[in-house]
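Everything below concerns the one structure shown next.
What follows draws every value from the coordinates through simple rules; no lab data is involved. In this text the structure is predicted, and so the values were computed from the model without any measurement. Please note: Cβ atoms are built from the backbone with ideal geometry, for glycine as well, and neighbour counts cover all protein chains shown.
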């Protein structure tokens, strides 16, 4: 029985991969992402946090790219290349975890708001709306400033400000799913709230959730960079803090384009890779988009 | 087994109430099959849903529904959930929508077993295979998705699901609507065999008298939220509405019947503005003057038969 299930799962995964491979932009995004993640994971094998230490910078101050420092140096003579490499760890970690947090909150509250009609749903919905109209960047700034600047607080600050749109999305899908007759059938056979939401609603919203998570990671990375640029950071080198540094030290007026351009391009590339992946996933998983693509 | 005592259902809408069921008293003894017939809007589906309290919140249900002597309408939520499916299960109309498209057939048949904690894991798998074979589907179908099945097969799955907890009563709400005639005959044979084998009571709801007469021992006919006639399915109808409903079926192979007028002129009454007296009198071909003013209750009209019409008597 279990081997049968395994074979079937393998076949389903194979079909998914065949469909995904047809989305060339998605494959490009996936390759970039895989490269970024692998590089971030293997970084400790080659370098350590020492590359971000201001006293151990060996190059000249704001030196242009040279064979010794291929992407130039910053204001303390540290190699921009090595700092980008090390900083990708913080940027990606915050991006993934904040997106995960935001997805979990958004899914739980979205399904609850859609499933429980009456005052419970109404209250959850009003809370969602309230968070939705708060300017999320300002809220995240305030939260991070109050909680102090560690990696965990930045993740929490981004997570608790970015869930409302997910909740809205999931709620809408939950309402659509719960209008189906098989929910009534399930109720008739004695199913409770937990059974209906986990066995019927969740599998139906899962594809949507997956696609929206990838997009959420992209926006979390941007938010992290923005927060760091605005001066609220985890005190660890990330792409956002590097941009902040380039601004603080007048890299633009000093003509040190490498100091501004490199972290900026890294952010744009990774975010775009996530977006490409998310769009491709949406196309493959959403039956409506899928039929249109095949027609 | 099942007893309805003056069951009423009213839907609250903006600016008033719509009485959908206006006092229905019925009983289905253990092991008996009762057919409930009526036009669209006669309230027959409201009756079916009221039995397990599945109506939307906007519905007010009155009277009593006794399931094995216990009043469903006054049950606590937990008890109601326990009773749903284990005492009475429903075969819904439109099987294609009653199954979750993203879950396997086997998992869905096992759903009532899991919900009622009757079985899980390998035991539940075995029970699913057993149920599938009872409704004439091969065991490997448990791994299929609903879209891989034909309409008749899906309806068989719904029936297997209804049998899962070995209920004493099955409520079948238009179980064969939207199936073609041959498949319909197969499904009806299956239902007939299963209720006979398991000694299950059946309340079958349909607009199609021929389907009901095929399966049920007794027939009840509803009009405008009330019963107009209850009697054995073998006998002749006495109420003019039941007669018109029965006569509305074409006789296949008889060209003369095409030219003979049949059916009823006019539409079923608006439940918000029911005519006075007998609700059927505006469409009744044999109405008397008194019908417009005096309402008639069900009265004895032959062997085991009651009808609500001034013209019938012993």
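Peptide B:99-108: average number of partner chain Cβ atoms within 10 Å per residue?
If you average over the peptide's residues, the count of other-chain Cβ atoms is 4.
How would you rank A:103-115, B:29-41, highest first, on the average number of other Cβ atoms within 10 Å across their residues?
A:103-115, B:29-41
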At the level of C-alpha centres, the distance separating the range B:37-69 and the range B:123-167, in angstrom, is 27 Å
When A:247, B:11 are arranged by how many other beta-carbons sit within 10 Å of their Cβ, fewest first, they go A:247, B:11
Residue-normalised 222 nm signal for chain A, counting each DSSP H run of n ≥ 4 as -39,500 (n - 2.57), nearest 500 deg cm²/dmol, is -25000 deg cm²/dmol
Descending packing, highest mean Cβ count within 10 Å first, for A:94-100, B:125-131, A:182-188, B:221-227 is B:221-227, A:94-100, A:182-188, B:125-131
Checking rank on A:169-178, B:296-305, with mean other Cβ inside 10 Å and highest first, the result is A:169-178, B:296-305
One finds, for residue A:38 and residue A:133 with R0 = 41 angstrom and r their Cβ-Cβ distance, a FRET efficiency to the nearest 0.05 of 0.55
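For residue B:299 and residue B:248, what is the calculated FRET efficiency with R₀ set at 22 Å and r taken between the beta-carbons, to the nearest 0.05? Don't skip to the answer; put the middle values down first.
Numbers: r = 25 Å, r/R0 = 1.12.
My answer for the efficiency is 0.35.
If r is the Cβ-Cβ distance from residue B:270 to residue B:120 and R0 is 60 Å, what FRET efficiency results, to the nearest 0.05?
Working: r = 50 Å, r/R0 = 0.83.
Rounded to the nearest 0.05, the efficiency is 0.75.
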The residues B:165, B:284, B:216, sorted from fewest to most surrounding Cβ atoms within 10 Å, come out as B:284, B:165, B:216
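Give the average, rounded to an integer, of partner chain Cβ atoms located within 10 angstrom of each Cβ in B:158-166. All intermediate terms of the calculation are to be shown ahead of the outcome.
Values: counts 1, 0, 0, 2, 3, 0, 1, 2, 0.
What the average comes to for B:158-166 is 1.
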By the C-alpha gyration tensor axes a ≥ b ≥ c (rounded if a/c is under 1.5, else prolate when a/b exceeds b/c, else oblate), the shape of the range B:193-314 is oblate
Label model pair residue A:179, residue B:289: point-to-point distance (7 angstrom along the Cα→beta-carbon line) in nm is 5.3 nm
Per-residue average of other protein chain Cβ atoms inside 10 Å, peptide A:186-197 -> 6
Expressed in nanometres to one decimal, the distance between label points 7 Å along Cα→Cβ at residue B:233 and residue A:68 is 9.7 nm
Rounded to one decimal in nm, the spacing of the 7 Å Cα→Cβ label points at residue A:230 and residue A:55 is 3.4 nm
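Counting other beta carbons within 10 Å of each residue's own, what order do A:18, B:177, A:128 fall into, fewest first? Intermediate results must be reported in sequence, preceding the final value.
On the way: A:18 10, B:177 16, A:128 21.
Ascending Cβ contact count within 10 Å gives the list A:18, B:177, A:128.
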